[in-house]
Amino acid sequence: MKSRTWIILIIGVVAIGIVAVTARRAKNTDDSKVGSGTPGPSAVPDAPASPKAAMLKSLRKGVQYLEASQNEDGSWGQFQAGVGITALGAHAMLISPLGLTEENTPALKKAIAFIVAHAQENGEINIVDQGLGNYNTSLAIIALNNTGNKAYDDVIKKGQKYVMSVQHDGGPDDASTGGYGYNTKRGRADISNTQWAIEALRETGLSEGDEQFKKALTFLHHVHNSSEVNSLPWAAVVNDGGAVYTPDPDDIDEDPVSKAGKVEGRGGQQGWKSYGMTYAMLKSYLYVGMEKDSPEVKLAWGWIQNNWTVDENPGLGEEGYFYYLTTFSKTLAMVNDPVVVDKDGREHRWADELAARLAKLQKEDGSWKNEASRWYEADTTLVTAYAIRSLSYAYPFASGKTSE
């Protein structure tokens, strides 16, 4: 009798244990369904999207925003629609990895038609009397060239000649010689308009040995903040290998040599701070045929390593941030290396860092906007075009698979 009683007791304890374990498992499973913070056995978290997949998601949302915000005439621009912003939007779509063409994307077809409709007899592609002839024409022929449509060859060729005609040529005593400004040969040249002009001319077929680029190299030296390549006296003050906006010291209070401001060196010599436009200078050096081991490229690359960031426009903070990113991305794509090593020896997968940053900044409607509104960066169509271009240039260098 005693042995039978012990057997019954043991069976009862085991049964109670099984019931308790079963109940606990059921509770955990139920808890996982209501988000108690205790995941059940079936609650396996989704793997995060790869940078490449995240880029595609951001790009699709960005393109959808541009499609929805396009003006009736095919242009883009919230404050002042024009050829330049429209060309940036069209170019952003054309170079994206989404396979967009005039044939399969109505918004792109309308944008290209708007650009072509504003081609003038002298080759300028611009709204008459709006100004910014070189800026708008350079961006226009970059966009038209990327369509691959032979129907635009004549417009592109005439536009190319127009851009070549506005290169500054004031002689050896003019620091702006070889550069390009917003409009004509008169006034001052700057690195921003010069980088667009050089890109436009090279992308539309002008050889790197052309006389235009030999002259442009002189100008690039004159905006290089390095006494090793720049003979202008202010270059020896900061001397850090970066870039300034323009070499022309005239009217510096209204339009300074560097948007990042000035510094005073020994003996009161005035110098100028380098900033994120260094990427535009480096890109231009590469376009005109400078090798990676040339002093010019090595100096600029050293500045980039010393001032590495995707979080701001170095030297300017939030101002001009999205312009900085689109130039940053294009330039690093030309360097053709997925990794940048900063001054401390840290390796950066630049495309992945860029993708993460832009994903964080993208609005729910697919747009991007800069709260620092300088240089029209409060215009979400302009800034979204910049962001799409940035992601598109970075896409081949991003890690991970494309599936979402």
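The values are calculated or read from the model by the stated rules, or taken from the named source; none is laboratory data. The structure displayed is predicted, hence computed values, not measured ones. Positions of Cβ are generated from backbone atoms using ideal geometry, with glycine treated the same way; all protein chains shown enter the neighbour counts.
Test of understanding: among Gly159, Gly179, which residue is under 30 Å from Ser231 (Cα atoms), touching a Ser or Thr at 6+ places or on another chain (Cβ under 9 Å) and buried (at least 23 other Cβ atoms within 10 Å of the Cβ)? Outline the logic, then answer.
Numbers: Gly159 fails: under 30 Å from Ser231 (Cα atoms).
Being under 30 Å from Ser231 (Cα atoms), touching a Ser or Thr at 6+ places or on another chain (Cβ under 9 Å) and buried (at least 23 other Cβ atoms within 10 Å of the Cβ) holds for just one of Gly159, Gly179, which is Gly179.
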Report the residue count in segment 387-404 for those that are within 13 Å of Ser58 (Cα to Cα) and modelled with pLDDT of 95 or more.
8
Taking Leu316 as meeting all but one of (1) within 17 Å of Tyr245 (Cα to Cα); (2) modelled with pLDDT of 95 or more, write down the number of the exception.
(2)
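Just give me the residues in segment 77-94 being of a type in the set (Val, Ile, Thr) and either part of a loop (DSSP other than H, G, I, E, B) or in contact with a strand residue (DSSP E or B) (Cβ under 8 Å, 6 or more places away or on another chain) (or both), in sequence order.
Taking segment 77-94 as the starting set, the residues that turn out to be of a type in the set (Val, Ile, Thr) are 83, 85-86.
The one that is of a type in the set (Val, Ile, Thr) and either part of a loop (DSSP other than H, G, I, E, B) or in contact with a strand residue (DSSP E or B) (Cβ under 8 Å, 6 or more places away or on another chain) (or both): Val83.
When you look at Ala355, is it touching a residue at least 40 places away in the same chain (Cβ under 8 Å) and assigned to a helix (DSSP H, G or I), yes or no? Give the steps one after another, and end with the answer.
Numbers: touching a residue at least 40 places away in the same chain (Cβ under 8 Å): yes; assigned to a helix (DSSP H, G or I): yes.
Yes; evaluated as a whole, the condition is true for this residue.
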Would you confirm whether any residue within segment 81-91 is touching a His at 6+ places or on another chain (Cβ under 9 Å) and of a type in the set (A, V, I, L, M, F, W, C)?
yes
Kindly establish whether Ala151 is surrounded by 14 or more Cβ atoms within 10 Å (Cβ to Cβ) and either hydrophobic (A, V, I, L, M, F, W, C) or part of a loop (DSSP other than H, G, I, E, B) (or both).
no
Could you tell me which residue of segment 275-286 is surrounded by the most Cβ atoms within 10 Å (Cβ to Cβ), considering only residues that are of a type in the set (Ser, Thr, Tyr) and either under 17 Å from the mean Cα position of the chain (by Cα) or farther than 19 Å from Thr204 by Cα (or both)?
Thr278
Out of the residues in segment 271-290 that are out of contact with any Pro (no Cβ under 8 Å at 6 or more places or on another chain) and more than 19 Å from Gly178 (Cβ to Cβ), state the one that is modelled with the lowest pLDDT.
Gly271
Residue under question is Ser58, and the condition is that it be hydroxyl-bearing (Ser, Thr, Tyr), assigned to a loop (DSSP other than H, G, I, E, B) and at pLDDT 95 or above; does it hold?
no
Considering only residues of segment 288-339 that are in a helix (DSSP H, G or I), over 14 Å from the mean Cα position of the chain (by Cα) and not hydrophobic (A, V, I, L, M, F, W, C), which is surrounded by the most Cβ atoms within 10 Å (Cβ to Cβ)?
Glu296
Checked segment 353-372 for anything farther than 21 Å from Glu67 by Cβ and surrounded by fewer than 22 Cβ atoms within 10 Å (Cβ to Cβ); matches are Glu353, Ala356, Arg357, Lys360, Glu371, Ala372
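Taking the stated definitions as given, is Lys52 under 29 Å from Leu354 (Cβ atoms), out of contact with any strand residue (DSSP E or B) (no Cβ under 7 Å at 6 or more places or on another chain), modelled with pLDDT of 95 or more and surrounded by 10 or more Cβ atoms within 10 Å (Cβ to Cβ)?
On the way: under 29 Å from Leu354 (Cβ atoms): yes; out of contact with any strand residue (DSSP E or B) (no Cβ under 7 Å at 6 or more places or on another chain): yes; modelled with pLDDT of 95 or more: no; surrounded by 10 or more Cβ atoms within 10 Å (Cβ to Cβ): yes.
Taking the combined requirement at face value, the residue does not satisfy it.
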Unmet criterion (only one of (1) without any contact (Cβ under 8 Å) to a residue 40 or more places away in the chain; (2) in a loop (DSSP other than H, G, I, E, B)) for Pro97
(1)
Checklist (1) in a helix (DSSP H, G or I); (2) more than 21 Å from the chain's Cα centre (by Cα); (3) of a type outside the set (Ser, Thr, Tyr) applied to Gln130, failing item
(1)
Going through segment 202-224 one residue at a time, which ones are in contact (Cβ under 8 Å) with a residue 60 or more places away in the chain and either part of a loop (DSSP other than H, G, I, E, B) or among the aliphatic types (A, V, I, L, M) (or both)?
Thr204, Glu208, Gly209, Ala216, Leu217, Leu220
I need the full set of residues from segment 177-211 which are of a type outside the set (D, E, K, R) and farther than 13 Å from Asn134 by Cβ, in order please.
Thr177, Gly178, Ile191, Thr204, Gly205, Leu206, Ser207, Gly209
